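Worksheet: the structure to be examined is printed underneath.
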Amino acid sequence: MGFRQGAALASVCFCLGVLFISFNADYRVLYQPMTDKTIDDAVQFYTTFHNAPKAVLNLLHSVIAIGMLAFVAKLHKWDESAMFFDGSSVGVFVFAIMLYTTVVIPGIRTVAIPLEQETREDQVEALRVLAAGNTLIVVCLGLVLALQVSSSFKESLSIDLHRCSQL
């Protein structure tokens, strides 16, 4: 594994770790009966996440940027593996970033700092959309990991086939 693939995988795994922490609140919002305690716990969690020091968000955004740079750098070596596996990984990673910027960030803002005209039902709906967006991002990042594992498997298989053909 090279540096570019290591940076890409580290970025994806870091983001998955952040999302698995959020899954504690998301699971109860999506798959269990909605009670006031569930809603209050999820609101408390996302309010704490929203009010975290800016260094935390800067770290998260830096790791996302490093991952994007690593995937683009992997495309520089334009072979079959880069076209199929790395190109697809870039597409799926960009889709996950778009979900984060268009669903998660506004959802956290709606939950943590509701406007005066927003009701409790609006907060609950924002929690549901936020939890669903986080789940979709987990699926996207899991697909990126599967594509990268497939790429590594293909490379090791081609190396083994090359060795066998020389015998």
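The values are calculated or read from the model by the stated rules, or taken from the named source; none is laboratory data. Owing to the predicted nature of the structure, the values given are computational and were not obtained by experimental measurement. Cβ sites come from the backbone with ideal geometry, for glycine too, and all protein chains shown count toward neighbours. Surface areas here come from the heavy atoms of the whole protein model, side chains and all, with no ligands, DNA or RNA. Shrake-Rupley method; radii C 1.70, N 1.55, O 1.52, S 1.80 Å.
General observations
- Scanning the range 32-50 for residues that are open to solvent by 40 Å² or more (accessible area, probe 1.4 Å) and within 20 Å of the chain's Cα centre (by Cα) yields Phe45, Thr48, Phe49, His50.
- Helices (runs of 4 or more DSSP H) lying entirely in the range 68-167 (those with 3 or more residues that are modelled with pLDDT of 95 or more): 87-99, 120-166
- Checking Phe85 against (1) of a type in the set (Phe, Trp, Tyr); (2) within 26 Å of Asp41 (Cβ to Cβ); (3) in contact with a Ser or Thr (Cβ under 6 Å, 6 or more places away or on another chain), the condition it does not meet: (2)
Residue-by-condition table, conditions (1) surrounded by 19 or more Cβ atoms within 10 Å (Cβ to Cβ); (2) under 19 Å from Met34 (Cα atoms); (3) in contact (Cβ under 8 Å) with a residue 12 or more places away in the chain:
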{"residue": "His61", "(1), (2), (3)": "no, no, no"}
{"residue": "Ala73", "(1), (2), (3)": "no, no, yes"}
{"residue": "Lys77", "(1), (2), (3)": "no, no, no"}
{"residue": "Ile97", "(1), (2), (3)": "no, no, yes"}
{"residue": "Thr119", "(1), (2), (3)": "no, yes, no"}
{"residue": "Leu130", "(1), (2), (3)": "yes, yes, yes"}
{"residue": "Val139", "(1), (2), (3)": "no, no, no"}
